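Remarks on the structure that follows.
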Amino acid sequence: MTGVQTCALPIRLREDLKWTQEQAAEASGIAVRHFQKIEAGDVNVTVATLVRVAKAFRIPVKSLFEETKR
């Protein structure tokens, strides 16, 4: 897969919050299966979905594109 990878950060954020995929999906207002595909990098994510995920985790959208070290 080419392009910007955004799946690692939601996984880290979710794990840090000790949320399940179901809890993160519900907080984001998206289907659980879609959230799972986002984490797996199996779907192209729309800007609208990125905004929802960022709001759920209370982070700026741009943070989803920044490389972070754990």
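The residue pairs whose first member lies in the stretch 36-49 and is in a loop (DSSP other than H, G, I, E, B), whose second member is surrounded by 15 or more Cβ atoms within 10 Å (Cβ to Cβ) and of a type in the set (D, E, K, R), and whose beta carbons are closer than 8 Å, counting only pairs six or more residues apart or on different chains, are Val43/Lys37. Only a single item in (1) open to solvent by less than 50 Å² (accessible area, probe 1.4 Å); (2) at pLDDT 95 or above; (3) outside any loop (DSSP other than H, G, I, E, B) is not met by Ser63, and it is number (2).
Screening the candidates Arg33, Arg12 for the property of being open to solvent by 60 Å² or more (accessible area, probe 1.4 Å) and either in contact (Cβ under 8 Å) with a residue 40 or more places away in the chain or touching an Asp or Glu at 6+ places or on another chain (Cβ under 8 Å) (or both) yields one hit, Arg12.
Would a scan of the stretch 44-51 turn up a residue that is modelled with pLDDT of 90 or more and on the phi > 0 side of the Ramachandran plot? No, every residue in the stretch 44-51 fails to be modelled with pLDDT of 90 or more and on the phi > 0 side of the Ramachandran plot.
The values are calculated or read from the model by the stated rules, or taken from the named source; none is laboratory data. These numbers were taken from a predicted model, which means no experiment stands behind them. Note that we place each Cβ from the backbone using ideal geometry, even for glycine, and neighbour counts take in every protein chain shown. Keep in mind that these areas ignore ligands, DNA and RNA; they rest on the heavy atoms of the full protein, side chains included. Shrake-Rupley method; radii C 1.70, N 1.55, O 1.52, S 1.80 Å.
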